[in-house]
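Novice: Take this structure, written in structure tokens, and hold onto it; I'll ask about it next.
What follows is calculated from the coordinates using simple rules that are stated; it is not laboratory data. None of these values were measured; they are calculated from a predicted model. FYI the Cβ positions are ideal-geometry reconstructions off the backbone, even for glycines, and counts take in every protein chain you see.
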Amino acid sequence: MEIAFTKYHGLGNDFILIDNRSDRTPMVTSAEAIQLCSRHFGIGADGVIFALPGQDGTDYSMRIFNSDGSEPEMCGNGIRCLAQFLSELEGDNAKTEYRIHTLAGAIIPKLVGNSQVRVDMGMPQLMAAQIPTTLAPAESKVVNIPLEVAGKVWQITCVSMGNPHAVTFVEDVAAIPLESIGSLFENHPVFPQRTNTEFIQVVSRNYLKMRVWERGAGITLACGTGACAAVVAGVLNDFCDRSCTVELPGGCLEIEFSEVDHKVYMTGPAQRVFTGKIS
């Protein structure tokens, strides 16, 4: 059987998109996703995303397998790519706004033109039990808490955007040995479901620089949920304003942590790369 796919990327965070709207079961297994994501032996991607039938009143559902075969709750860059993909699939009947069911709840991306997508990411979850992490009591926020990794103490603020994030603020993100310490954060015992880790440099109150180690994918050029978590963490520590540009290795995202509805809104690109078929 041949399966059609489209490759998309959001700031270099790249995905294989598959039209799976006729069935709730992904056409590709997690083991096959590992092969497809291989940069040398497959298509090459940070993950495989499936457009599935909607549920609970949503237009569609989203599932994703990371490049290591694990399944995250959500992916910020990925859902922007999914919105563009759905628009392409629908053709003349395409909508500009979709309500997408994810393992992190309903997420609402809106196409705003010029390959840009604005996403209502919902409200961040801040209690230790929601992350989850054992860095603080279950019903307490995890803000500026020390954690020893690789013989150094890092000040950690934790945020869940439907998936777990550990955010630490540093003087120079370029100096962080991400290759050697990223997996140590991801697999630290204080994070029972592992974690994404963001290293943030505050350039100004409305401009942050970020490097990320993604749970299940390692170093990536961008992480949408991570950029959202970074701004939330920055606000909690009074390091930044509620509206910020977040510069990642693959480009910039515009993040707003609304003071009105307490939701996080992310705006950034989603660009089609190529199409093909796999056997």
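Novice: Filter region 257-279 down to the residues that are touching a Phe, Trp or Tyr at 6+ places or on another chain (Cβ under 7 Å) and buried (at least 19 other Cβ atoms within 10 Å of the Cβ) and list them by number.
Specialist: Within region 257-279, 264, 270 meet the criteria.
Novice: Tell me which residues, restricted to region 212-256, are surrounded by fewer than 24 Cβ atoms within 10 Å (Cβ to Cβ) and among the charged types (D, E, K, R).
Specialist: 238, 241, 242, 247, 254, 256
Novice: How about region 192-210: which of its residues are in contact with a helix residue (DSSP H, G or I) (Cβ under 8 Å, 6 or more places away or on another chain) and touching a residue at least 40 places away in the same chain (Cβ under 8 Å)?
Specialist: Across region 192-210, the qualifying residue is only 195.
Novice: On to the next question. May I ask you to list the residues in region 69-95 that are surrounded by fewer than 15 Cβ atoms within 10 Å (Cβ to Cβ) and within 18 Å of residue 195 (Cβ to Cβ)?
Specialist: Listed by number, the list holds a single entry, 71.
Novice: Look through region 42-101, keep the residues that are among the charged types (D, E, K, R) and assigned to a helix (DSSP H, G or I), and return whichever of them is farthest from the chain's Cα centre (by Cα).
Specialist: Among residues in region 42-101 that are among the charged types (D, E, K, R) and assigned to a helix (DSSP H, G or I), the one farthest from the chain's Cα centre (by Cα) is 92.
Novice: Could you please tell me which pairs satisfy a Cβ distance under 6 Å, a separation of 6+ or placement on different chains, a first residue in region 98-111 that is without any contact (Cβ under 8 Å) to a residue 60 or more places away in the chain and closer than 14 Å to residue 74 by Cβ, and a second residue that is in a strand (DSSP E or B) and among the hydroxyl-bearing types (Ser, Thr, Tyr)?
Specialist: The qualifying pairs are 100/60; 101/61.
Novice: Could you tell me how many of the residues in region 144-154 are in contact (Cβ under 8 Å) with a residue 40 or more places away in the chain and surrounded by fewer than 17 Cβ atoms within 10 Å (Cβ to Cβ)?
Specialist: Count: 1.
Novice: Any idea which of (1) assigned to a strand (DSSP E or B); (2) in contact (Cβ under 8 Å) with a residue 60 or more places away in the chain; (3) among the aliphatic types (A, V, I, L, M) is the one residue 36 doesn't satisfy?
Specialist: (1)
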